[in-house]
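The values are calculated or read from the model by the stated rules, or taken from the named source; none is laboratory data. Because the structure is predicted, anything quoted here is derived from the model rather than measured. Using ideal geometry, Cβ is built from the backbone for each residue, glycine included, and neighbour counts are taken over all protein chains shown. Each accessible area value is taken on the protein alone, full model and side chains, heavy atoms only, with ligands, DNA and RNA left out. Shrake-Rupley method; radii C 1.70, N 1.55, O 1.52, S 1.80 Å.
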Amino acid sequence: MNTKTFRLSNNTEVFYKRNENTPRIALCFNVRSNQAETVPGVEGMMARLFMQGTKNRSAEQIADELDANAIEFATDARADYIRLKFICLNEDFSKAIEIMEDIVKNSTFEDFDKELEKMKGEIIAELDSPRAKVVDNYYNTLFENHPYGNTNSKILENISKITKSGVLETYNSFLNNSKKVITIVGDIDPKKAETEINKAFGDLPESIEVEQTTQKPELKENKYKEIIKPDANQAHIIKGWLTETASEEDYPALLLLNIILGASGLSSRLFLELRDKKGLAYVVRSCYETYKQCADFYIYIATEPKNIEVSLKGFDEEIDKIKNIPVSEEELSNAKNNLMGKWAFSQETNNNQAALYANYGILGLGFDFNTQTKKRIKEVTPEQIQKCAQKYFSGYSVTSILKP
């Protein structure tokens, strides 16, 4: 693999991968602050305002310049870091770097009030979706009093507390008190890439190791939360548990447990048992979501309101099976093949690869984490799957239900 890792003069770690004969280059710039989010939504607001103008360009000029050069540019606030990324034609790399440098260094955060009102409207519209609402309620409950629980509903509750001065304080931490990682994937001369990246971002404040300022989330009791939505015509149910995350020993087994239970579509146990055999589900699936400090594993079903109790019983039955009966070698082998296939498909583009490597880098997992994890997945045994199920599905859980 044609890769290179180096550091800029300010200690920012850069990972470069050359994929020859690809027409577009992707770059991902992840920043993880030492300061926990002070007000729910302030980091997301900062990320939005990055696109609203700099000292050199108005929001319209940024949009027009990106459009004229066919550059796709995005900024967003994720659970553990802020992400800026672009994908452009090989010949427009210098232009894309110039625009990103301007946004990172010179954003003015103008149109604050207008953008805040726009964000509020978008959140209200999104939370009108029953599925979005039940997921929001689940994470809000699971990560109560932790930044991971700063869901859309939490942001909405605190939106009046988001101020421009708060955004500027967050931006100051983003620049001066943070770990910075850049990944580049595409067909570009490595010397040219290194020179341009150093010129644009090497003079930013030093990249530092980030200390954990919040305690690891804990679940100390079973929690059950209902939402009544009078106009809903379905019931939406989520049941989930806290688990180990990507940096820990059980990660490969948890990935495969997710595939077996509900993430492999038509062949998953939940689909076969709850939808095909029992006719309970419109949609049924499982999800394993990882963060820096922890992870969660949940089961989701959309069903008729009259089926809530029988669906919850169905969850319990499938959990009991996987806890008490080892999976067959064939089922485990199929799950490994399914997972490898999903990964190969999701990593086909330079854009996805850059985002993946940047995620690994900012979370301290190492840029070779994907390769190492594939080796570990191949070694997972049925006994490990069973022990994993027993370990996590015997702990406290959160149940979130939305119904008419």
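Volume of the convex hull of the range 190-241 (Cα atoms only), normalised per residue: 285 Å³. The listed residues 6, 143, once ranked by accessible area (1.4 Å probe) with the largest placed first, stand as 6, 143.
In this structure, residue 160 and residue 214 have a Cβ-Cβ separation that, at R0 = 22 Å, corresponds to a calculated FRET efficiency of about 0.40. I need the Debye-formula profile for the chain: one equal scatterer per C-alpha, no solvent, reported as log10 I(q)/I(0) at q = 0.08 1/Å, two decimals. Cα-only, vacuum Debye calculation for the chain: -0.48. Taking the Cα atoms of the range 107-169, the ratio Rg/Rh between the radius of gyration and the Kirkwood radius comes to 1.02. Per residue, the range 144-286 exposes 48 Å² of accessible surface when a 1.4 Å probe is rolled over the protein heavy atoms with every protein chain present. Using a 10 angstrom cutoff on alpha carbons, build the Gaussian network for the chain and name the most mobile of 380, 284, 167. Between 380, 284, 167, it is 380 that shows the largest mean-square fluctuation.
Across the range 335-370, the residues whose backbone nitrogen lies under 13 Å from the label position 7 Å along the beta-carbon direction of residue 187 are 350. Rolling a 1.4 angstrom probe over the protein heavy atoms with all chains in place gives the range 2-59 an accessible area of 38 Å² per residue.
Quick check: the distance between the Cα centres of the range 219-278 and the range 39-78, to the nearest angstrom? Here the answer is 35 Å between Cα centres.
Annotation: residue 255 carries an accessible surface of approximately 20 Å², with a 1.4 Å probe and no ligand, DNA or RNA atoms counted.
Across the alpha-carbon atoms of the range 321-404, the computed radius of gyration and Dmax are 16.7, 47 angstrom. Fully extending the segment from residue 105 to residue 11, taken as 0.36 nm per residue of separation minus the present Cα-Cα distance, adds 32.1 nm.
Computed on the range 94-231, the Cα convex hull volume stands at 184 Å³ per residue. Taking 20 Å as the straight-line reach from the Cα of residue 191, the aspartates and glutamates in range (excluding those fewer than 8 positions away in the same chain) are 13, 20, 91, 92, 98, 101, 203. Computed with a 1.4 Å probe over protein heavy atoms only, the accessible area of residue 165 comes to about 80 Å². Cross-link pairs exceeding 31 Å between alpha carbons, from the set 95/216; 220/336; 220/313; 120/313: 95/216; 220/336; 120/313.
If you sort the three axes of the alpha carbon gyration tensor as a ≥ b ≥ c, you get a/c of 1.5 or more for the range 177-295 and a/b above b/c, which makes it prolate.
For a test of the definition: using alpha carbon positions, the gyration tensor, and the 1.5 limit on a/c, classify the range 227-385 as rounded, prolate or oblate. It comes out prolate by the Cα gyration axes. Solvent-accessible area of the range 248-404 (1.4 angstrom probe, protein heavy atoms only): carbon and sulfur portion equals 49 percent. Under 15 Å from a label point 7 Å along Cα→Cβ of residue 344: give me every residue in the range 367-386 with its amide N that close. Under cut-off, by backbone N: 374-375, 378.
DSSP beta bridges confined to the chain are antiparallel in about 80 percent of cases. Other residues within the sphere of radius under 9 Å centred on the Cβ of residue 99, judged by their own Cβ, net out at -2 (K and R +1, D and E -1).
I'd like the carbon and sulfur percentage of the solvent accessible area for the range 90-227, probe radius 1.4 Å, heavy atoms only, ligands and nucleic acids excluded. Of all accessible area on the range 90-227, carbon and sulfur atoms account for 46 percent. With every protein chain in place and a 1.4 angstrom probe, the accessible-area ranking of 168, 175, 332, largest first, reads 168, 175, 332.
Our note on the geometry: Cα centres of the range 150-190 and the range 107-141, 16 Å apart. Peptides 108-114, 296-302, 274-280 ordered by packing proxy, namely the average of other Cβ atoms within 10 Å per residue, highest first: 296-302, 274-280, 108-114.
Once Rh for the range 1-86 is found with the Kirkwood sum over Cα pairs, what is the Stokes-Einstein diffusion coefficient at 25 °C and 0.890 mPa s, in µm²/s?
In µm²/s, the coefficient rounds to 160.
For residue 118, the solvent-accessible surface computed with a 1.4 Å probe is close to 110 Å², ligands and nucleic acids excluded.
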